[in-house]
Amino acid sequence: MATLSTQQFLASGLLPVMAVPDEAGDVFINDGNTYLLVVWNEEAYIGDPLTITVSASAEDGTGYEDDRVDIMPEPADLIQAESLECVTYFGPYPTKRFGTNPTVTVSDPTRVTIAAIARMVF
């Protein structure tokens with residue numbers, strides 16, 4: 001298990017440092033305004049649907065304490081950059097439900113790279 005550095009989005013922008021997800025999962029520092037940036041690897045578009053799971057640590061007062069499971073959209077549904085990489089964001093992750101150090105797991109970590117991004121708050 002690895003720790004993703006939560007990168008701060010600044011007014012001047014951000015060039016995110018992406019990481020290959022660990023098969024056992026990755027931990028990220030969460031302030032409740034943290035998002036996961038997920039980028040498809042160029043050759044990994046085909047295959048079974050990809051799931052991104054973030055572990056819940058406590059009930060948030062709404063009756064939910066389940067993990068959050070998102071299905072990665074197909075590349076045709078995503079923003080496409082000039083490099084032909086397709087990207088999407090997931091989050092934010094409220095601290096009441098996910099805590100300050102949730103674990104993220106990816107069903108097939110060889111198909112994507114990820115980064116934890118803290119939303120810019122004015």
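The values are calculated or read from the model by the stated rules, or taken from the named source; none is laboratory data. Not measured: the values here are computed from a predicted model. Cβ atoms come from the backbone with ideal geometry, glycine included; neighbour counts cover every protein chain shown.
Mind listing whichever residues of segment 1-26 are surrounded by 10 or more Cβ atoms within 10 Å (Cβ to Cβ), of a type in the set (A, V, I, L, M) and out of contact with any helix residue (DSSP H, G or I) (no Cβ under 9 Å at 6 or more places or on another chain)? The answer is Met1, Ala2, Leu4, Leu14, Val17, Met18, Ala19, Ala24.
When segment 9-27 is filtered for residues that are closer than 23 Å to Ser55 by Cβ and not in a loop (DSSP other than H, G, I, E, B), the ones remaining, listed by number, are Ala19, Asp26, Val27. Tell me, yes or no, whether segment 74-90 has at least one residue that is of a type in the set (Ser, Thr, Tyr), under 15 Å from the mean Cα position of the chain (by Cα), modelled with pLDDT of 90 or more and not in a loop (DSSP other than H, G, I, E, B). No, segment 74-90 contains no residue that is of a type in the set (Ser, Thr, Tyr), under 15 Å from the mean Cα position of the chain (by Cα), modelled with pLDDT of 90 or more and not in a loop (DSSP other than H, G, I, E, B). When each of Thr34, Thr105, Thr110 is tested for being at pLDDT below 90 and either among the polar types (S, T, N, Q) or under 15 Å from the mean Cα position of the chain (by Cα) (or both), the lone residue that passes is Thr110. Filtered by the rule that a residue be part of a helix (DSSP H, G or I) and surrounded by fewer than 19 Cβ atoms within 10 Å (Cβ to Cβ), segment 91-108 gives Thr95, Lys96.
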